[in-house]
Amino acid sequence: MANVSTIIKREYSTRVKKKSFIIMTILTPVIFVALFLIPALIMGNQDKEFKKIAVVEDGSDLFDGVIKDREDVDFEYLKGADVNQMKTTFEEAGYYGVLFISPVVTNVPQAVQLISKKQPPMDLLNYIERTLEQDIENKKLLAYDIENLDDILKSVQTDVSVQTIRIDDSGETKETNTGVSMALAYIGALLMYMIVLLFGVQVMRGVFEEKNSRIVEVIISSVRPVELMMGKIIGIALVGLTQFSIWIILSFGILTIVQSKVLPDDPQVISEQISQSVMNQVPAVENTGVVDQTVELTAQEKEFAKIFNNLMNVNWPLLITSFFFYFIFGYLLYASVFAAIGSAVDTDSDTQQFMFPIMLPIILGLFVAIGTMENPESSLSFWFSMIPFTSPIVMMARIPFEVPTWEIALSVAILIATFIGFVSLASKIYRVGILMYGKKVTYKEMWKWIRYKG
Amino acid sequence: MSLLQTENVVKQYKDHLALDKVSMAVPKQSIYGLLGPNGAGKTTLLRIINQITAPDSGTVTLDGQKISRADLASIGYLPEERGLYKKMKVGEQALYLTRLKGLSKHEAMSRLKTWFTKLEIIDWWDKKVEELSKGMQQKIQFVTTVLHEPKLLIFDEPFSGFDPINTKILKEEILYLREKGATIIFSTHNMESVEEMCDHITLIDRSKSILEGSVDKIKEEWAANEYDVVFKGQAVIKTISHYEILKTTKDNGKTQVRLKTSEKAEVNTIIRDMTDKGQVLSFNPALPSMNEIFIRVVEANKNN
């Protein structure tokens, strides 16, 4: 055992000290945060300077004063102005652009034009469209000459939002949110997939390197081959845990700093983003539709409160414990298979033929996991969450939708049993493979190795 | 008294028999040569001693006890297929390898410094292995093999890849280790080094041990009644019934004659005869070289 810990230490420290590890560990969260923030920054920092827009109509004056001034935009209605003339002179007159409304607008949507030198910002266009739409709708309704129209409209307006409430066996009810569960399922399954693949392949490379550099025989004259193999697998697992912890801490750290430093000009947006930061999935983009903010804010707040409430309702201890177990045993299972492959092959290109059969369940697992989010109770999901090679990924996608404890227990038990079986098979292949040079390895050959004695 | 003994060791792989009842006894504090053509089974035998593979039948004993994993701490093994982690620093790596043999960090460190200084490689401590030449790497491997002062040292083709100067240094170190009490087994194709260093040998050919014993005895057995006689000045000797003249060479005012005696001839009679013929400077049995013996034995085995 002293030997195994010496091996673990070497595997860990050589990897953690590598430049590529340090760069990857620091850069990944930066890129991750950038992916979240850059779209938000682009939207948030868009052309905010004050604009004056001339509103011109052709012949009629239906829309006088319809478009209200906004904080950063003034709309000046120029009665009877000539569009063609305005087109050439608006810039000199100090206008950002000319909004031309043709009277056919009530029937032809394309009858409105915004003429400007620069590309107008998206939200300005949205604002104009919405205002005009509403106004024209109102005008059309008025044309029917219905009495008490306002009251009728008010009483007709309806808002439906389905609340999903699950009742468990004890009759206790719980409000759930499919969106939250889906997000958690997606994150869990994807993380599991990444871990297995990233670090499993590292195990394979490490074993291959030892065989290829011919150091392996020196080492196994001191320690058992299985000790060397397990030392490597555990060492790399610790590297993985270290990297993930740093990623999570750094991501949150950077997010918090960037939120407070980069977007301080609009306090409302920030306060909302902070209330949102619990659920980063809701992109900051939505909030820049500043127009209806005052109206929608309460609705949004309600929605956040709901999401937050649902997040609190998630069985976190179960989720985290399961993640932990599936991470450990899923990784160990795959890593032992990857170690066997690394030991059997002679050249890098030989790994390809053996990679395919392992990649298959991993990718299959991810596909089933994505299907699981659509239909968490399907029998396909059930079986794939029991089959050991796909269970870590699929079960992580099922757990947020609530899975009976016995199913999780059974699935983990099957996984552990399979892991034990595979480690012993893998270590047999490993033991022979690492000393076998210059031989093209086949499955038949590996099967022979498994049956070799001592 | 032998330190290591193998008895009827058999190892069968799926498609061939690697070792067929190989027995050998390695005397304490000897240098023991394990000879044989490529693929004869030498490496398999060494791996069995190091418990990298297990024999199908037969036993290996160390100091009279059946060998166990605990004994690995008192064995040092330099395999034929040897390498180092290319990206790791020399010092760190040497420390790691010796710690796996059970040395404490402190002890390993102080011994490493001593050896590195002795072999003049202390400047490489912080270099990466990939920056070193092959010969330099071999030196490091040698140091890590002997550092835990094992009582049994096993070298598989230790001189391959060494230049003559480093070979000489290595030979001196091996002799020094033997003097300090270690027993050494090495496998080699290099018959010159066998002549120079080995006390005992085993020759393995096609999975079987076909020759075993002390180098001196084996040479005497294979001497085949040949003698070298050196005369001062000129001497003329002709074949008679007692002996046959195989070869005569003259140089530097000396005459050397190789003769083969008949089965019945007494050595004393022949010596007397020689002294009659001229001034004898030396009279020696003409021992065959290990190289000759190797070739003759292996070829004879092939014809069986």
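Given a 10 angstrom Cα cut-off, can you work out which residue in B:149, B:80, B:107 is the most mobile in a GNM of chain B? Result: B:107 has the largest fluctuation of those listed. The loop-placed GluC sites (Glu not before Pro) in region A:69-103, going by DSSP, that have at most 15 neighbouring Cβ atoms within 10 Å of their Cβ come out as A:71, A:91, A:92.
I'd like the FRET efficiency for residue A:82 and residue A:152, computed as 1/(1 + (r/R0)^6) with the beta carbon distance as r and R0 of 51 Å, rounded to 0.05.
Details: r = 41 Å, r/R0 = 0.80.
About 0.80, to the nearest 0.05.
Note on chain B: GNM, Cα springs under 10 Å; of B:197, B:290, B:274, the largest mean-square fluctuation is that of B:274.
Using the charge dipole of the protein assembly as shown (Lys, Arg: +1 at Cβ; Asp, Glu: -1 at Cβ; taken about the Cα centre), state which of B:133, B:283, A:38 has its Cα farthest towards the positive end. About the Cα centre, the residue reaching furthest to the positive side is B:283.
Looking only at other chains, what is the average number of their beta-carbon atoms within 10 angstrom of each beta-carbon in B:99-105?
For this peptide, the per-residue mean of nearby foreign Cβ atoms is 4.
Could you please state, rounded to a whole Å, how far the C-alpha centre of region B:168-207 is from the C-alpha centre of region B:110-142? A separation of 23 Å, based on Cα centres.
For the pair region A:365-405 / region B:225-257, the C-alpha centres are spaced 94 Å from each other. With 20 Å as the limit on Cα-Cα distance, the pairs of B:87/B:139; B:87/B:151; A:232/B:127; A:18/B:87; A:211/B:208 that go past it are B:87/B:151; A:232/B:127; A:211/B:208. Among the listed pairs A:439/B:14; A:9/B:105; B:89/B:171, a Cα-Cα separation exceeding 25 Å is found for B:89/B:171. Rounded if a/c is under 1.5, else prolate if a/b beats b/c, else oblate: with a ≥ b ≥ c from the C-alpha gyration tensor eigenvalues square-rooted, which is region B:40-100? In terms of gyration-tensor shape, oblate. Prolate is the label for the protein assembly as shown. Its Cα gyration tensor axes, ordered a ≥ b ≥ c, give a/c of at least 1.5 and a/b above b/c. Note on chain B: GNM, Cα springs under 10 Å; of B:121, B:67, B:270, the largest mean-square fluctuation is that of B:270. Angle between the Cα long axis of helix B:267-277 and the longest principal axis of chain B, 0 to 90 degrees, nearest 10? Rounded to the nearest ten degrees, it is 60. Here the 3J(HN,Hα) profile of region B:155-160, calculated from phi with Karplus coefficients 6.51, -1.76 and 1.60 at θ = phi - 60°, is 10, 9, 6, x, 9, 5 Hz, Gly and Pro shown as x. Evaluate the relative contact order of chain B (contact order divided by residue number), counting alpha-carbon pairs under 8 angstrom at least 6 apart; express in whole percent. Here the relative contact order equals 20 percent. Taking amide H positions as placed 1.01 Å from N in the peptide plane, with prolines and chain starts having none, which residues 5 or more places from residue A:53, or on another chain, fall under 5 Å of its amide H? Distant-sequence amide H within range of residue A:53: A:74, A:75, A:76, A:96.
The average projected area of chain B, computed from the convex hull of its Cα atoms over all directions, is 20.2 nm². The mean count of C-beta atoms from other chains within 10 Å of the C-beta of residues in B:78-87, rounded to a whole number, is 6.
Neighbour counting of Cβ atoms within 10 Å sorts the residues B:143, A:4, fewest neighbours leading, into A:4, B:143. Note on residue A:51: aspartates and glutamates with a C-alpha under 14 Å away, same-chain residues under 8 apart excluded, are A:69, A:71, A:72, A:74, A:76, A:91, A:92, A:123. Shown in residue order for region B:65-74 are the 3J(HN,Hα) couplings computed by the Karplus curve 6.51 cos²θ - 1.76 cosθ + 1.60 at θ = phi - 60°: 9, 4, 5, 9, 4, 5, 6, 4, 5, 9 Hz (x for Gly and Pro). Counting neighbouring Cβ atoms within 10 Å and putting the fewest first, the residues A:312, A:192 line up as A:312, A:192. Taking a straight Cα-Cα cut-off under 28 Å and skipping sequence neighbours fewer than 8 places away in the same chain, the lysines within cross-link reach of residue B:260 are B:217, B:219, B:232, B:238, B:247, B:250, B:277, B:302.
For B:16, B:200, what ranking results if the residue with the fewest other Cβ atoms within 10 Å of its Cβ goes first?
Numbers: B:16 11, B:200 22.
Ordered by Cβ neighbours within 10 Å, fewest first: B:16, B:200.
Once backbone amide H atoms are built at 1.01 Å from N, residue A:100 has A:56, A:113, A:114, A:115 as its partners under 5 Å, excluding neighbours fewer than 5 places away on the same chain.
At 222 nm, what helix-only mean residue ellipticity would chain B give, in deg cm²/dmol to the nearest 500, using -39500 (n - 2.57) for each DSSP H run of four or more? Let's see the in-between values first.
Numbers: 9 runs with 100 residues, N = 304.
Dividing the helical sum by the residues of chain B leaves -10000 deg cm²/dmol.
Let me know the shape class of region A:321-377, please: from the alpha-carbon gyration tensor, a ≥ b ≥ c as square roots of the eigenvalues, rounded when a/c is under 1.5, otherwise prolate if a/b is greater than b/c, or oblate.
oblate
Shielding of A:6-16 by partners, i.e. mean partner chain Cβ atoms within 10 Å per residue? All intermediate terms of the calculation are to be shown ahead of the outcome.
Working: counts 7, 3, 0, 2, 9, 0, 0, 2, 7, 0, 0.
If you average over the peptide's residues, the count of other-chain Cβ atoms is 3.
Annotation: amide H-H contacts under 5 Å for residue B:153 (H modelled 1.01 Å from N, sequence separation of 5 or more, or interchain): B:76, B:183, B:184, B:185.
Entry for region B:224-286 at q = 0.15, 0.17, 0.18 Å⁻¹: log10 I(q)/I(0) = -0.38, -0.49, -0.55, Debye formula applied to identical alpha-carbon scatterers, no solvent contribution.
Taken one residue at a time, the phi angles of region B:98-115 give Karplus couplings (6.51, -1.76, 1.60, θ = phi - 60°) of 6, 5, 5, 8, x, 7, 6, 4, 4, 4, 4, 4, 5, 5, 4, 4, 4, 5 Hz. Gly and Pro are set to x.
Readers should treat all values here as calculations from the given coordinates under stated rules, not as data from a laboratory. Please read these numbers as outputs of a predicted model, since none were measured by experiment. Heads up, the Cβs are rebuilt from the backbone with ideal geometry, glycines too, and the neighbour counts pull from every protein chain shown.
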